[in-house]
Amino acid sequence: MNVVTRFAEGFMNLFQSGAETFISWMTGIVPVVLMLMVLMNALIAIIGEERMNKLGELSARNPLTRYMILPFLSAFMLGNPMAMSMGRFLPEFYKPSFIASQMQFCHTSNGIFPHINPGELFVWLGIASGIQQLGLNEMDLAIRYLLVGLIMNAVGGWVTDFTTAWVSKQQGVTLSKEVKVVN
């Protein structure tokens, strides 16, 4: 009977832990993301949907702006996970590649810009602690990580373009390379 009781208690503890995590999100990340969404939508309303679509169209013209500049600006201004929402202004064909590049960038910039991905700052701080113990400058590593990340994220986005084209062809799906204006 003790085994059954301990199993039942452990089973309920699993759901209580899940509920505690859920409540911490409701008082932590969810309000922050909600406020960022309000800010982003307000900025879009002020700037204008047409101008934002024009930014998407301009960004989509070459891989460097699509997978280096736009992800950097999105991550720096909006942070993770809100930075992914800038992909909505890109043509359908480039959205998977932008997301691939954007998600990677939210990690590779954390050493210099911790506000981008504070939920995973502990990873960077652990690495930085080891670098400090070796007597090395952690900012040198942060800058290198950012620069290598910019290049590798752009390469990853570009490779995803080829993957998207291949899968689209395989599935018989045509994705637009034109910006669609949403009213």
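Among the residues in region 85-97, are any closer than 29 Å to V159 by Cα and acidic (D, E)? It would help to see each step written out before you state the result.
Filtering region 85-97 for residues closer than 29 Å to V159 by Cα gives 85-97.
With the extra rule that they be acidic (D, E), the set shrinks to 92.
So far as region 85-97 goes, yes, one or more of its residues are closer than 29 Å to V159 by Cα and acidic (D, E).
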*How do the pairs read when you match residues in region 137-165 that are under 16 Å from N62 (Cβ atoms) with residues anywhere that are surrounded by 13 or more Cβ atoms within 10 Å (Cβ to Cβ) and among the charged types (D, E, K, R), using Cβ under 7 Å and keeping only pairs 6 or more apart or on different chains?*
G157/R66
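In the list L64, L90, which residue meets the criterion of being touching a residue at least 24 places away in the same chain (Cβ under 8 Å), over 12 Å from the mean Cα position of the chain (by Cα) and open to solvent by 20 Å² or more (accessible area, probe 1.4 Å)?
On the way: L90 fails: open to solvent by 20 Å² or more (accessible area, probe 1.4 Å).
Testing whether each residue is touching a residue at least 24 places away in the same chain (Cβ under 8 Å), over 12 Å from the mean Cα position of the chain (by Cα) and open to solvent by 20 Å² or more (accessible area, probe 1.4 Å) leaves just L64.
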*Only one of P96, P114 that is open to solvent by 30 Å² or more (accessible area, probe 1.4 Å), closer than 30 Å to W25 by Cβ, not aliphatic (A, V, I, L, M) and not in a helix (DSSP H, G or I)*: P114
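Evaluate region 39-46: report whether one residue or more is under 23 Å from V155 (Cβ atoms), open to solvent by 40 Å² or more (accessible area, probe 1.4 Å) and either touching a residue at least 12 places away in the same chain (Cβ under 8 Å) or in a helix (DSSP H, G or I) (or both).
Filtering region 39-46 down to residues under 23 Å from V155 (Cβ atoms) leaves none.
The answer is no; no qualifying residue exists.
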*Counted residues, region 117-161 - those being open to solvent by 60 Å² or more (accessible area, probe 1.4 Å) and under 15 Å from P71 (Cα atoms)*: 6
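The values are calculated or read from the model by the stated rules, or taken from the named source; none is laboratory data. Bear in mind the structure is a predicted one, so any value in this text is a computation, not a measurement. No Cβ is skipped: glycine too gets one built from the backbone with ideal geometry, and neighbour counts run over all protein chains shown. To get the accessible areas, we keep the full protein, side chains included, count just its heavy atoms, and leave off ligands, DNA and RNA. Shrake-Rupley method; radii C 1.70, N 1.55, O 1.52, S 1.80 Å.
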